[in-house]
Amino acid sequence: MLNIVLFGPPGAGKGTQSERLIEHYGLVHLSTGDIFRFHLKNETELGKLARTYMDQGHLVPDEVTIHMLKDEVTKHSNPKGFIFDGFPRTNPQAEALDELLRELNTTISVMLGLEVPEEELKTRLKNRALSSGRADDADPEIIANRINVYNRETAPVKAYYAAQDKYVAIDGIGSIDSITERLFAAIDARK
Ligand code: AMP
C-alpha cells in the first residue's frame with residue numbers, strides 16, 4: 001500500500017493537492033477537517049461536539065479524532081492506500097496511526113510537508129474565506145489561533161516522521177501544477 005501523510009499549516013494547499021494525488025495514484029482521501037465539516041453540516045452528536053473546538057480554531061480532542069479516523073480507515077476493504085490530509089496533528093495521533101496501520105500490516109510510506117511562509121498563509125486563508133463559507137477562515141483572530149496551534153501542537157509531528165526517515169519537505173510556493181509535480185516526484189522516488 002502507498003500511505004501518504006500530506007502535512008502543512010492551514011492554507012498550505014493540502015486539500016487542493018490531495019485531489020490531484022488521489023486521482024493520480026488511486027488512493028482513498030481521508031481529510032479529518034472535511035469529515036468533521038460533514039458532521040457539522042448534518043448536526044450529528046460528533047458535529048455538535050467538534051463545532052465548539054473548530055469555531056475557535058482549536059483542535060478537536062485526540063481521543064475523539066482518533067476514534068473517528070479509525071472508523072473511516074476500517075470502512076475501506078483492500079484500498080491501494082490512503083492519503084491522510086490534516087491528520088495526524090499531534091504526536092499521540094501519529095502514534096495511534098502507526099498502531100492502526102501496524103494492525104493492517106502496513107505503514108506510512110512518506111510524509112510530505114508543504115512549506116509556506118506565514119504571511120502567505122494569512123493571505124491565502126483570507127482569500128479562501130470569500131468562497132469556502134468556513135467560519136474559521138473568516139476571522140483573522142481565529143486564523144491566527146489556527147496558525148499558533150499548528151506551530152505549538154502540530155509542527156512537532158514533523159520530527160516524529162523525520163526520526164523514521166519519512167519526512168520530505170516540499171516547497172509550497174509556486175503554481176498549483178508545479179507543486180503537484182514536486183509531490184509526484186517525491187512520491188515516485190519513495191515508491
Ligand atoms: P482543516 O480542514 O484541516 O483545516 O481542519 C479544520 C478544523 O477541524 C481544525 O481547525 C480543527 O478544529 C479540526 N480538525 C481537523 N483535523 C483535526 C485533527 N487531526 N485533530 C484535531 N482537530 C482537527
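The values are calculated or read from the model by the stated rules, or taken from the named source; none is laboratory data. Values in this document were obtained by computation on a predicted structure and should not be read as measured data. Here the Cβ positions follow ideal geometry from the backbone for every residue, glycine too, while neighbour counts run over all protein chains shown. Accessible surface areas use protein heavy atoms only, side chains included; no ligands, DNA or RNA. Shrake-Rupley method; radii C 1.70, N 1.55, O 1.52, S 1.80 Å.
In summary, the convex hull built on the alpha carbon positions of the range 98-191 has an orientation-averaged projected area of 7.7 nm². Here's the picture: charge each Lys and Arg Cβ at +1 and each Asp and Glu Cβ at -1 in the range 2-185, and of N78, S109, G57 the one pushed furthest to the positive end of that dipole is N78. With coordinates expressed along the principal axes, the C-alpha atoms belonging to the chain extend over 40, 39, 29 Å, beginning with the largest.
Placing +1 at every Lys and Arg Cβ and -1 at every Asp and Glu Cβ, with all other atoms neutral, what dipole size does the chain have around its Cα centre, in debye to the nearest 20? Before the final figure, lay out the partial values.
Working: 23 positive and 29 negative charges, 44 e Å.
So the dipole magnitude of the chain works out to roughly 220 debye.
Solvent-accessible area per residue for the chain at a 1.4 Å probe radius, Å²?
Values: 9730 Å² over 191 residues.
Using a 1.4 Å probe on heavy atoms only, each residue of the chain averages 51 Å².
GNM on the chain, alpha-carbon springs under 10 angstrom: the most fluctuating residue among H29, H67, H58 is H67.
Which residue fluctuates the most in the chain, going by a Gaussian network model with Cα springs under 10 Å, if the choices are L46, L121, L27? Largest GNM mean-square fluctuation: L46.
As a check on your grasp of the helix formula, calculate [θ] at 222 nm for the chain: sum -39500 (n - 2.57) over DSSP H runs of n ≥ 4, divide by the residue count, round to the nearest 500.
On the way: 10 runs with 108 residues, N = 191.
Rounded to the nearest 500, the figure is -17000 deg cm²/dmol.
Pairs of Cα atoms nearer than 8 Å and 6+ residues apart set the relative contact order; for the range 1-139 it is 42 percent. Computed in the context of the full set of protein chains, the accessible area of the range 2-185 at 1.4 Å probe radius has 50% of its extent on carbon or sulfur. Legend: distances between Cα atoms for K41/K75; K48/K70; K122/K166; K158/K191; pairs beyond 23 Å are K122/K166.
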